[in-house]
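Next up is a structure, given as structure tokens.
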Amino acid sequence: MKNQSSSFDISSFNAVADSEVGIDISMKLANGDDSGVIFTVIGKHADAVQVWTKKMFQAMQREEQMAKRRGKDAELLDIDKLREQNIEGACVRVIGWKNVDQPFDKELLKSVLRKNPHWVEQITDESNDQANFTKSN
């Protein structure tokens, strides 16, 4: 917030809190047209996203440590497992939807994202774009 002396209250900046406020994004069809479905998405700095990211990182570290103990290299992530992780990462960012017949449900969302992988990328891109979650000061 700007005050009369043209200085800023530095404590007023809070990207984490801003990321907790969901934004509505209009989901696109594979051809780029508007689907009519709207997802409410939180930002990459939101607590839920950070918890999920930390969990994924720790799991990867555990696998590497276990492989080292066995004297082997950590197993490479197969494409199906990576795809599922990407779906999970997108799912954690979606907190609601609009213009959908069914009530919001994370399991249904995962199923829909498996059939619409381009939505995974759209969700993640919008969540990672900090400008979507920045208030004007």
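Quick one: in the range 84-98, of everything that is open to solvent by less than 40 Å² (accessible area, probe 1.4 Å) and β-branched (Val, Ile, Thr), which residue is farthest from the chain's Cα centre (by Cα)?
The extreme case among them is Ile87.
Please identify the pairs in which a residue from the range 65-81 that is in a helix (DSSP H, G or I) and surrounded by 10 or more Cβ atoms within 10 Å (Cβ to Cβ) has its Cβ atom under 6 Å from the Cβ atom of a residue that is of a type outside the set (D, E, K, R) and at pLDDT below 75, counting only partners at least 6 apart or on another chain.
Listed pairs, sorted by first residue: Ala67/Ala74.
Only residues that are in a loop (DSSP other than H, G, I, E, B) and under 16 Å from Phe133 (Cα atoms): list them for the range 33-46, please. It would help to see each step written out before you state the result.
Within the range 33-46, the subset in a loop (DSSP other than H, G, I, E, B) is 33, 42-46.
Within the range 33-46, Ile42, Gly43, Lys44, His45, Ala46 meet the criteria.
This table checks each residue for (1) at pLDDT below 95; (2) hydrophobic (A, V, I, L, M, F, W, C).
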| site | (1), (2) |
| --- | --- |
| Lys54 | yes, no |
| Ala67 | yes, yes |
| Lys72 | yes, no |
| Glu107 | no, no |
| Val112 | no, yes |
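Can you tell me which residues in the range 33-49 are open to solvent by 60 Å² or more (accessible area, probe 1.4 Å) and without any contact (Cβ under 8 Å) to a residue 24 or more places away in the chain?
Residues of the range 33-49 that are open to solvent by 60 Å² or more (accessible area, probe 1.4 Å), as a first pass: 33-34, 44-45, 47.
Result: Asp33, Asp34.
Out of all the residues in the range 11-21, is one or more in contact with a helix residue (DSSP H, G or I) (Cβ under 7 Å, 6 or more places away or on another chain) and over 19 Å from Ala131 (Cα atoms)?
Checking the range 11-21: not a single residue is in contact with a helix residue (DSSP H, G or I) (Cβ under 7 Å, 6 or more places away or on another chain) and over 19 Å from Ala131 (Cα atoms).
Being assigned to a helix (DSSP H, G or I) and open to solvent by 70 Å² or more (accessible area, probe 1.4 Å) is the filter; apply it to the range 99-137 and report the residue that is farthest from Gly89 (Cα to Cα).
Ala131
Just the residues that are modelled with pLDDT under 95 and of a type in the set (A, V, I, L, M, F, W, C), please, taken from the range 114-137.
Ala131, Phe133
Would you please name the residue that is least open to solvent (accessible area, probe 1.4 Å), looking only at residues in the range 50-64 that are under 23 Å from Leu108 (Cβ atoms) and aliphatic (A, V, I, L, M)?
Looking at the filtered set, the residue picked out is Met56.
OK, next. Where the second residue is acidic (Asp, Glu) and open to solvent by 40 Å² or more (accessible area, probe 1.4 Å) and the first is farther than 22 Å from Val51 by Cα and part of a strand (DSSP E or B) and lies in the range 16-32, which pairs have Cβ atoms under 6 Å and are six or more apart or on separate chains?
These pairs meet every condition: Ile25/Glu126; Ser26/Asp34.
Ile123 fails exactly one of the following numbered conditions: (1) over 28 Å from Phe13 (Cβ atoms); (2) touching a Phe, Trp or Tyr at 6+ places or on another chain (Cβ under 8 Å). What is the number of that condition?
Condition (1) is where Ile123 drops out.
From (1) at pLDDT below 95; (2) more than 15 Å from Ala46 (Cβ to Cβ); (3) under 13 Å from the mean Cα position of the chain (by Cα), pick out the condition that doesn't hold for Asp78.
Single failed check for Asp78: (3).
The values are calculated or read from the model by the stated rules, or taken from the named source; none is laboratory data. Computed from a predicted model, the values in this text were never measured in an experiment. Please note: Cβ atoms are built from the backbone with ideal geometry, for glycine as well, and neighbour counts cover all protein chains shown. Each accessible area value is taken on the protein alone, full model and side chains, heavy atoms only, with ligands, DNA and RNA left out. Shrake-Rupley method; radii C 1.70, N 1.55, O 1.52, S 1.80 Å.
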